[in-house]
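S.K.: Can you read through this structure? Questions will come right after.
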Ligand SMILES: N[C@@H](CCC(=O)N[C@@H](CS)C(=O)NCC(=O)O)C(=O)O
C-alpha cells in the first residue's frame, strides 16, 4: 500500500474519492476501470500530460513524483496505480476483483506490470509514438529537474531532454521485455477467458491498459491470439468503456 503524507495539507480535508489522473495515462486507466467495476462515485481532477499540467509546484505538493494517478480517499493520499487498485478492492470489496484461489498469483501480475512500466512500457511508447507530443520546452525541463527527486524518473526524462530522444534501439530493448511478458500472458489466457481463469480480476485490469496503449503504438500482437481474444472481450465491459474509451477513444490517434 503506497500511502504518502502530502506537502499540500489541503487535500487531507477532501471528502470521498478524488482522482488526479490523465486521459491518455495507462496507469490512470487501471484506476478508473476499478472504480467503474465497483460503481464507486469519484471526483475527477484531470491533468493534461501533453500540456505538462503535472509539472507544477502545486501537483508535486500532492504527488512528490509528479505522476498520475493519485487517489485521495477521505483525505488519505495513495500513489502507485497497482497499489491503488489493490487498496480499492480491499477497502470496497463488492464486487470482489480478487482471484478466488490464487491471490498471490494475481498480485504477481500486478507487480509485473509495475516493474516494466519505466524500463519497457514508457520507452516503447515514447520511441514509437509519443516523444514529440510529450517533448518539454527548455523551461518545462528546467522546472521538471527542479521538482523531481526520483533518480529513475530523472534519468528517464533526461533521455528526452534537449536534442536527445528515444530511438529504435530503445524500442527494440523494450520490446524484448514486452514480448516475454505477453508470452506469459498468452500462456495464462490459454486456460480461460481471463488471466486468472474464469473470474475477472485485478490482473486483467492491470494489464488491459498496457495492451490498449501498446496496440495504439502499433505493437505487433499477431502472434498472441489468446491476448487478442481477451482484449476483444473487454469491449463488452462497461468499465472498459468508462475507464478507458470515454477518456481516450483511440490511443492510435492521440
Ligand atoms: N508507477 C506509477 C507510474 C505512474 C506514471 O508513470 N504515470 C505516467 C502516465 S501513465 C505519468 O504521470 N507520466 C508523466 C511523467 O512521466 O512526467 C504508477 O503505477 O502509478
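The values are calculated or read from the model by the stated rules, or taken from the named source; none is laboratory data. Note that the structure is predicted; figures quoted are calculated from it, not measured. Here Cβ is always computed from backbone atoms with ideal geometry, including for glycine, and neighbour counts include all displayed protein chains.
Table: residues versus (1) within 30 Å of residue 157 (Cα to Cα); (2) assigned by TED's automatic domain parsing to the domain that holds residue 43; (3) assigned to a strand (DSSP E or B).
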residue	(1), (2), (3)
66	yes, yes, no
71	yes, yes, yes
83	yes, yes, no
87	yes, yes, no
98	no, no, no
110	yes, no, no
114	yes, no, no
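S.K.: When you check residue 102 against the structure, is it without any contact (Cβ under 8 Å) to a residue 60 or more places away in the chain and surrounded by fewer than 18 Cβ atoms within 10 Å (Cβ to Cβ), yes or no?
M.R.: Working: without any contact (Cβ under 8 Å) to a residue 60 or more places away in the chain: no; surrounded by fewer than 18 Cβ atoms within 10 Å (Cβ to Cβ): yes.
When the stated conditions are applied, residue 102 does not pass them.
S.K.: Can you tell me which residue in region 58-67 is surrounded by the fewest Cβ atoms within 10 Å (Cβ to Cβ), limited to those that are within 12 Å of the ligand (Cβ to nearest atom) and within 15 Å of residue 19 (Cβ to Cβ)?
M.R.: Ranking the candidates gives 59 first.
S.K.: Assigned to a loop (DSSP other than H, G, I, E, B) and either touching a strand residue (DSSP E or B) at 6+ places or on another chain (Cβ under 6 Å) or within 19 Å of residue 29 (Cβ to Cβ) (or both), is that true of residue 122?
M.R.: Numbers: assigned to a loop (DSSP other than H, G, I, E, B): no; either touching a strand residue (DSSP E or B) at 6+ places or on another chain (Cβ under 6 Å) or within 19 Å of residue 29 (Cβ to Cβ) (or both): yes.
No: the conditions fail for residue 122.
S.K.: Part of a helix (DSSP H, G or I) and farther than 23 Å from residue 85 by Cα - does that describe any residue in region 193-212? Steps first, answer last, please.
M.R.: Residues of region 193-212 that are part of a helix (DSSP H, G or I), as a first pass: 202-212.
Narrowing the set further to residues that are farther than 23 Å from residue 85 by Cα leaves none.
Checking region 193-212: not a single residue is part of a helix (DSSP H, G or I) and farther than 23 Å from residue 85 by Cα.
S.K.: Select, from 75, 105, the only residue that is on the phi > 0 side of the Ramachandran plot and away from the ligand (no atom under 15 Å from the Cβ).
M.R.: On the way: 105 fails: on the phi > 0 side of the Ramachandran plot.
The match here is 75.
S.K.: Going by the structure shown, is residue 37 away from the ligand (no atom under 11 Å from the Cβ), crowded, with 23+ Cβ neighbours inside 10 Å, modelled with pLDDT of 95 or more and within 21 Å of residue 206 (Cβ to Cβ)?
M.R.: Values: away from the ligand (no atom under 11 Å from the Cβ): yes; crowded, with 23+ Cβ neighbours inside 10 Å: yes; modelled with pLDDT of 95 or more: yes; within 21 Å of residue 206 (Cβ to Cβ): yes.
So residue 37 fits the description; yes.
S.K.: Turning to a different aspect of this structure: Of everything in region 176-192, what is free of Cβ contacts under 8 Å to residues at least 12 places away in the same chain, assigned to a loop (DSSP other than H, G, I, E, B) and out of contact with any strand residue (DSSP E or B) (no Cβ under 8 Å at 6 or more places or on another chain)? Give them in sequence order.
M.R.: 192
S.K.: Is it the case, given these coordinates, that residue 55 is closer than 22 Å to residue 20 by Cα and in a loop (DSSP other than H, G, I, E, B)?
M.R.: In short, yes.
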